[in-house]
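Visitor: Pasting in a structure now, in structure tokens, and then I'll have a few things to ask.
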Amino acid sequence: MLAFLGAVICIIASVPLAASPARALPGGADNASAASASAAAAAAAAAAAASPGPQRSLSALHGAGGSAGPPALPGAPAASAHPLPPAPLFSRFLCTPLAAACPSGTEQGDAAAGEREELLLLQSTAEQLRQTALQQEARIRADQDTIRELTGKLGRCESGLPRGLQDAGPRRDAMADGPWDSPALILELEDAVRALRDRLDRIEQQELPAHVNFSAAPAPAPAVPTALHSKMDELEGQLLAKVLTLEKERMALSHSSHRQRQEVEKELDALQDRVAELEHGSSAYSPPDAFKISIPIRNNYMYARVRKALPELYAFTVCMWLRSRSGGNGQGTPFSYSVPGQANEIVLLEAGHDPMELLINDKVAQLPLSLKDNGWHHICISWTTRDGLWSAYQDGELQGSGENLAAWHPIKPHGILILGQEQDALGGRFDATQAFVGDIAQFNLWDHALTPAQVLGIANCTGPLLGNVLPWEDKLVEAFGGAKKATFDVCKGRAKA
């Protein structure tokens, strides 16, 4: 396409020289020469256009070559009285075809994409300029409002001064002159603000008008606080009180959120431990009471704590599964319950080679129970405040009973129940020589005395029963100091053991 256009331009450029009419020149010889040259150029162009082929086309474009002159035109005179000067040499136009391919669809698409990107860039720049103009307009409007407010305050202050201190002449509204965004208006606004600030400073520093006797005592009279200073002091006091109140609320909220975060982290740790146990343990479903507390060695820091508070009790039955690993040196303390003012409210204890004992309000009764074979045994103890009656069961069988054990004494509420340690103080002061070594499971507490048939059903796993005051549930028992909580079904585990 470009080669074709070049050839056309060359032809058009060469044709006017031959086709244009001869112009009048001074002198006949010059006119004849010009006419002859024009005729020769026209004949060459016509011959080039009429003859096909590349060779003839190039001859037409480059003009008549060689030493021969231009051919004579028909009708022209054969000779002239005056010899003609040599014909002028015409410029030869060299038109070379340009090898250029038409733009492909990909190039057109790239050009269109570039134009779209440039258009998007221009639109983004225009939007940024518009936002900047809006921000400047909003800022200037805010300055106008501030100046109006300061002008009003200044008017109110001047209304309370003597007439001689007030400025003469009407105030000029600086907002009404010029466009809102003119530099002159901005400078004028700055000057007005500066002048207003200076006038306010003078008003605050000026004392009330009074006749002062300079010949009096040399000590200056104390300055009388103005109403403006009093108001500012009052506002500062209120602001300070509000800040202190907010700071206290923030500190209280921070402490509360810290406690809540600790509780949430503790619950998450418990859930993670439970998930780990489920992942490494059996894939079968385990009920909430299918677990045990294991204390492997005798010490004063491994124990489990029941997280539920007990109510006031006038009778109770406590049942549990125990497996002692003390090696015959005393079973220690399977559980202890202490309340404020009484560390031995309820204690089950076997110290050394003494028989097992039940303590209620520091009153003692010896129980005919034995756990020295290192096997699982079901223990149940019931008590009632009426006449202090008690009964002791082992593996579902009644082993002994008695009376006058802390008769008419109610069990106090809101104490701490510990598994595996004996409390010498509320929730602490454990003694390693009185610690329990072994496993504890299915610790349940009722607020009444169970019947022998109920105790037997629990012991032989035919009538399981959870305590109505304290059931054996995983969420209510928390292990400390290295005591382990593991999944365990006592009825199945006892058979395997």
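Visitor: What nm distance separates the two modelled labels at LYS484 and LEU187, each placed 7 Å from Cα along Cα→Cβ?
Guide: 8.8
Visitor: Between LEU121 and ASP143, what's the calculated FRET efficiency when r is the beta-carbon distance and R0 is 25 Å? Round to 0.05.
Guide: Working: r = 33 Å, r/R0 = 1.32.
The formula returns an efficiency of 0.15 here.
Visitor: Now a separate question. Between ALA432 and MET251, what is the FRET efficiency for a Förster distance of 45 Å, r being their Cβ-Cβ separation, to the nearest 0.05?
Guide: Details: r = 42 Å, r/R0 = 0.92.
Efficiency, from the Cβ-Cβ distance: 0.60.
Visitor: Tally Lys and Arg at +1 and Asp and Glu at -1 over the other residues with C-beta under 10 Å from the C-beta of ALA315: what net charge comes out?
Guide: Values: positive: ARG386; negative: ASP447.
Residues close to ALA315 contribute a combined charge of 0.
Visitor: Also, I was wondering about something else. Where nothing but the Cβ of Lys and Arg (+1) and of Asp and Glu (-1) is charged, how large is the charge dipole of the range 420-497 around its Cα centre, in debye to the nearest 20?
Guide: Values: 7 positive and 9 negative charges, 72 e Å.
So the dipole magnitude of the range 420-497 works out to roughly 340 debye.
Visitor: Fully extended, how many nm does the chain gain between GLU263 and ASP233 (0.36 nm per residue separation, minus their Cα-Cα distance)? Spell out each step's value before the answer.
Guide: Working: separation 30, 0.36 × 30 = 10.80 nm, distance 4.52 nm.
Gain on stretching GLU263 to ASP233: 6.3 nm.
Visitor: Now a separate question. Can you classify the range 303-385 as rounded, prolate or oblate using the Cα gyration tensor, where a ≥ b ≥ c are the square roots of its eigenvalues, rounded means a/c under 1.5, and otherwise it's prolate if a/b beats b/c and oblate if not? Write out the running numbers ahead of the final one.
Guide: On the way: a/c = 1.73, a/b = 1.61, b/c = 1.08.
Because a/c hits 1.5 or more and a/b exceeds b/c, the range 303-385 counts as prolate.
Visitor: Which FRET efficiency value, to the nearest 0.05, do you get for ASN468 and GLN128 by plugging their Cβ-Cβ distance into 1/(1 + (r/R0)^6) with R0 = 56 Å?
Guide: Numbers: r = 74 Å, r/R0 = 1.32.
Here the calculated transfer efficiency is 0.15.
Visitor: Continuing with this model, one more query. Is the range 339-497 best put as rounded, prolate or oblate by its Cα gyration tensor, with a ≥ b ≥ c the root eigenvalues, rounded for a/c under 1.5, and otherwise prolate when a/b is larger than b/c, oblate when not? Don't jump to the answer; show the numbers that get you there.
Guide: Values: a/c = 1.40, a/b = 1.11, b/c = 1.26.
Cα axes put the range 339-497 in the rounded bin.
Visitor: May I ask which residue of LEU349, ILE379, LEU426 lies farthest towards the positive end of the charge dipole of the range 341-429, with charges of +1 (Lys, Arg) and -1 (Asp, Glu) on Cβ and the Cα centre as origin?
Guide: LEU426
Visitor: So what J values fall out for the range 254-264 if you push phi through Karplus, 6.51 cos²θ - 1.76 cosθ + 1.60 with θ = phi - 60°, rounded to Hz, Gly and Pro as x?
Guide: 3J(HN,Hα) across the range 254-264, in whole Hz: 5, 5, 5, 5, 5, 5, 4, 5, 5, 5, 5.
Visitor: Quote to one decimal, in nm, the extra length available between TRP408 and ARG156 on full extension: 0.36 nm per residue of separation minus the C-alpha distance between them.
Guide: Working: separation 252, 0.36 × 252 = 90.72 nm, distance 8.39 nm.
Extending this stretch completely gives an extra 82.3 nm.
FYI, it's all coordinate maths here, none of it is from the lab. Computed from a predicted structure; not experimentally measured. Virtual Cβ from ideal backbone geometry, glycine too; neighbours counted across all protein chains shown.
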